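Worksheet: the structure to be examined is printed underneath.
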Amino acid sequence: MGLVSGIDVVNECAARGLVAGAFNTTNIETTMGIVEAIERVGVPTFIQVAPTNVALSGYEYIYDMVSRRLAHTDVRVALHLDHGKTIASVEDALAAKFTSIMIDASEYSFDENIATSAHARRLCASEIALEAELGSIGGKEDEVGPDHADTTDPNQVAHFVDAVGCDMLAVSVGNAHGYVPNARIDFDLLDQVRHASPVPLVIHGGSGLPEEQLGRLHEFGVVKVNVASDLRNAMIRTFGEAYAANSNEVSLIRVSKDAVAAIADVVERRIRVFNPSVA
Ligand SMILES: [Zn+2]
């Protein structure tokens with residue numbers, strides 16, 4: 001069916017009681033692995049890319065690659081801008097026909113976060129899903145990330161969501177980007193945030209959290225869980241192992257296909273952990 005709006009992914013997940021994985025791509029191997037897993041499991045999904053990783057190719061390349069691969073897939077998939085930290089990055093992704101956008105102005109003051117996020121909302125047509133972030137998620141993706149985390153204040157949630165008009169809210173409740181030892185969800189805080197929020201929640205840092213915690217998020221108003229590090233590590237590990245086994249290896253196609261298979265297995269496992277109800 002090709003790409004759909006992020007709104008459609010959120011609505012189908014809400015109707016079916018599902019959590020959408022949001023998997024970061026960088027290149028064709030990662031994209032192929034993600035979609036292979038999506039086709040196996042049949043759960044609506046976000047494929048996303050952050051401006052840091054667009055640097056390899058460009059927004060149009062990413063759109064062409066993902067939409068071409070999805071042309072004959074029956075599962076609803078949206079193409080999402082992850083951590084758009086500037087209005088310019090939002091404009092670039094929209095110009096390239098992305099169907100879902102994250103504006104991340106969480107490093108600014110509360111009022112500036114609202115002003116920047118509301119600006120992004122005005123740029124996004126109503127069928128474009130908008131994710132905004134309140135509180136600051138710790139850890140680092142690539143080399144980017146705040147030095148410290150600020151948890152989301154439940155008392156600010158309703159006003160923020162109303163003022164911005166976002167469709168999803170990324171929250172900081174103990175989750176962290178990348179592999180941060182002892183990253184743990186504070187479910188009491190998540191529950192408070194969930195009851196304060198008129199829109200479903202997004203958890204970043206799906207790679208570093210224990211599976212036992214990831215499997216409970218569907219009970220707490222979470223509609224989207226981001227996973228990046230696990231996929232990147234699967235690809236790098238595959239190439240590293242191939243080289244370690246044979247430093248004269250030259251079959252790029254064989255190692256690339258092994259990387260696709262490794263990424264697909266990681267993605268399938270994550271989707272099943274997020275959705276215990278999926279057989
Ligand atoms: Zn993130």
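Each part gets one Cα centre, and for the range 150-165 versus the range 69-140 those centres are 17 Å apart.
The antiparallel fraction among DSSP beta bridges confined to the chain stands at about 5%.
Seen against the Cα atoms of the chain and their longest principal axis, helix 28-41 is set at about 70 degrees. Summing Cβ point charges (Lys, Arg +1; Asp, Glu -1) relative to the Cα centre of the chain gives a dipole of roughly 720 debye.
Can you give the helix-only mean residue ellipticity at 222 nm for the chain, where every DSSP H stretch with n ≥ 4 adds -39500 (n - 2.57) and the sum goes over all residues, rounded to the nearest 500 deg cm²/dmol?
Here the helix-only value at 222 nm equals -14500 deg cm²/dmol.
A short reminder: the numbers here are calculations on the coordinates, not readings from a lab. Everything numeric here is computed off the predicted structure, so don't read it as measured data. So basically every Cβ, Gly included, is an ideal-geometry build from the backbone, and we count neighbours across all protein chains shown.
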